[in-house]
Amino acid sequence: MERLLKKCQLRNQLLRECMAEFLGVYVLILFGCGSVAQVTTTQDRKGQYLSINLGFALGVTFGVFVSRGVSGAHLNPAVSLSMCVLGRHPWMKLPFYIFFQVLGAFLAAATVGLQYYDAIWAYSGGELTVTGPTATAGIFSTYPADYLSVWGGVVDQVIGTAALLLCVLAVGDQRNSSLPDGLQPVLVGAAVLVIGISMGSNSGYALNPARDLGPRLFTYIAGWGEDVFKAGGGWWWVPIVAPCVGALLGTLIYELMIEVHHPPILPELQTCQVATEGKTELELKLEQKLEQVESD
């Protein structure tokens, strides 16, 4: 078995990172959309809205644990974009990360659809609908509340994703507060939890283009049809574009208000070096004077 596993080992670093992103997002959506499926198909008898919040929060936590040692656990195209803008991730890798993130979300949605196939058909009465009292497309992707305008949804997603990036950057900023390494994924999941509790009623807090697009493509193929792109006044583009804008906004806010103001490390080292060099020069001068006295 060990020999077989060694033969399966990948040596291409980019491919390893992409597979880690794929699996991390898969775990996220499996638990997240799985919790929505359970709550929806049982009509709140086996779970409520808080169950969904916990499902996505813990999905994020374990998704980060799965992938962080290999890829950094972005699990979100908006996060990957922000890391590229900050110079912490190569732009060349961005399209590959995004593709595998979307693919992971797509296959995780397919897994949930397979697992809850009978429950979805029983709940919907044999008709896969996007809107209405027995709609089931919302198990997989986000849709706006009836009162929410498209531009209201844009604002909602920009604010929610900006809040997410503020928290993610703060958790990862070792110069702000040094956290135990194993605690960081838990706190990222906690950030998703509190955003869901406080900002989820308008449109389901997608916050992640891959989390929404991958499952939406699955529902389009699996029988819900083109209505998944027409519902909500053509809502589908909002969870793709607005989280990217929000992520950049949150990154900018954190950088300008917190990280850029950290005391610089390099000048401190230079000061110590100058002091050491000054002492050495003084000692040299004393040695030269002593040599002159001895020669006299």
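Here the gap between Arg88 and Ile197, fully extended at 0.36 nm per residue and compared with their Cα-Cα distance, gives a gain of 36.2 nm. A simple spin-label model places the labels of His261 and Asn176 1.2 nm from each other, with each point 7 Å out along Cα-to-Cβ. Positive contributions from Lys and Arg (+1) and negative ones from Asp and Glu (-1), summed over other residues with Cβ under 14 Å from the Cβ of His261, come out at -2. If I compute solvent accessible area with a 1.4 Å probe over the protein chains, what percent of it on the chain is carbon and sulfur? Carbon and sulfur together cover 64 percent of it. Per DSSP H run of n ≥ 4, the term is -39500 (n - 2.57); total these for the chain, divide by its residue number, and report the mean residue ellipticity at 222 nm rounded to 500 deg cm²/dmol. The helix contribution divided over the chain gives -23000 deg cm²/dmol.
Distance between the C-alpha centres of segment 71-116 and segment 219-244: 18 Å, rounded to the whole angstrom.
Over the chain, Cα pairs under 8 Å with separation of 6+ residues give a relative contact order of 22 percent. Expressed as a fraction of 2.2 N^0.38 Å, the value expected for a compact globular protein of N residues, the C-alpha radius of gyration of the chain is 1.34.
Of the trypsin sites (Lys or Arg not before Pro) found in segment 18-115, those that fall in a DSSP loop while having at most 12 other beta-carbon atoms within 10 Å are Arg45, Lys46, Arg88. Under a 5 Å amide H cut-off, with hydrogens placed 1.01 Å from N, Tyr116 pairs with nothing among residues at least 5 apart or on other chains.
In plain terms, the chain from Leu183 to Arg45 could stretch by 46.4 nm, reckoned as 0.36 nm per residue minus the Cα-Cα distance. Compared with the alpha-carbon gap, the fully stretched path from Arg16 to Ala119 is longer by 33.5 nm at 0.36 nm per residue.
The Cα center of segment 117-132 and the Cα center of segment 7-55 differ in position by 22 Å. Computed with every protein chain present, the accessible area of Cys8 is close to 90 Å² [probe 1.4 Å].
The values are calculated or read from the model by the stated rules, or taken from the named source; none is laboratory data. Given the structure is predicted, the values throughout are model-derived calculations rather than measurements. Counting neighbours? That spans all protein chains shown, and the Cβs are built from the backbone with ideal geometry, glycine included. Areas reflect the complete protein model, heavy atoms only, side chains present, ligands, DNA and RNA absent. Shrake-Rupley method; radii C 1.70, N 1.55, O 1.52, S 1.80 Å.
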